[in-house]
Amino acid sequence: MVMSGVFIALILMAVFAIVLIGGGLAMTKNFNLRSLYLYLVCLITLVIFIFGTIFTINRIVDLSIGGGYYYQTYEDYKERYYIYKEDGQTRELKLSEEEIKESYENYLAQEAERRRIQNIKDLANSAAAMIVGGGFWFYHWNKIKEE
């Protein structure tokens, strides 16, 4: 996780250096701390907007076609209903096969609903990042163009 943070920081610094060398700040007449601040805020908010857009698209796809999520298999689920005898080797089910199947179907429905709700929450978060990042970028970019 730390390496990915370092990697993202290096990418951001490289993009900022390209903007500086490519004429972004060099083209402005007044290279000052305010210009540096505006370009940095634009860079950061643009990255927030891009990631928000990517995650929004992912959540929309997950909600529309469903994801390939892991759910416990029936055999693994059934294991919790075994009672081992005193010898430790033989076991028997404490519920009937039909009750276990019904319980497993309820489990699958609950997990699908939980995953759908989580996708909706994630969609709201990513859309908020997209809207806030895009709005802040637009505002600061207009300030840069005014200078």
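Per-structure values
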read-out	value
Positions within segment 77-113 being in a helix (DSSP H, G or I) and either exposed (fewer than 10 other Cβ atoms within 10 Å of the Cβ) or hydrophobic (A, V, I, L, M, F, W, C) (or both), in sequence order	Glu98, Ile100, Leu108, Ala109, Ala112
Matching option when the condition is out of contact with any His (no Cβ under 6 Å at 6 or more places or on another chain), at pLDDT below 85 and exposed (fewer than 11 other Cβ atoms within 10 Å of the Cβ), among Met3, Met13	Met3
Checking Gly133 against (1) touching a Phe, Trp or Tyr at 6+ places or on another chain (Cβ under 6 Å); (2) modelled with pLDDT under 90, the condition it does not meet	(2)
Unique match (being in contact (Cβ under 8 Å) with a residue 12 or more places away in the chain and in contact with a Phe, Trp or Tyr (Cβ under 8 Å, 6 or more places away or on another chain)) among Leu63, Leu93	Leu93
Filtered residues of segment 36-69 (kept if assigned to a helix (DSSP H, G or I) and farther than 21 Å from Gly135 by Cβ)	Leu36, Asn58, Val61, Asp62, Leu63, Ser64, Ile65
Tabulated pairs, segment 102-121, first in contact (Cβ under 8 Å) with a residue 24 or more places away in the chain, second hydroxyl-bearing (Ser, Thr, Tyr) and surrounded by fewer than 13 Cβ atoms within 10 Å (Cβ to Cβ), C-beta under 7 angstrom, 6+ apart or interchain	Arg115/Tyr69
Residue that is surrounded by the most Cβ atoms within 10 Å (Cβ to Cβ), among those in segment 114-147 that are closer than 19 Å to Tyr69 by Cβ and among the hydrophobic types (A, V, I, L, M, F, W, C)	Leu123
For Glu105: the one exception among (1) modelled with pLDDT of 80 or more; (2) more than 24 Å from Arg115 (Cβ to Cβ)	(2)
Leading residue by the ranking (modelled with the lowest pLDDT) among those in segment 16-35 that are under 25 Å from Ile131 (Cα atoms) and assigned to a helix (DSSP H, G or I)	Val19
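The values are calculated or read from the model by the stated rules, or taken from the named source; none is laboratory data. Please read these numbers as outputs of a predicted model, since none were measured by experiment. No Cβ is skipped: glycine too gets one built from the backbone with ideal geometry, and neighbour counts run over all protein chains shown.
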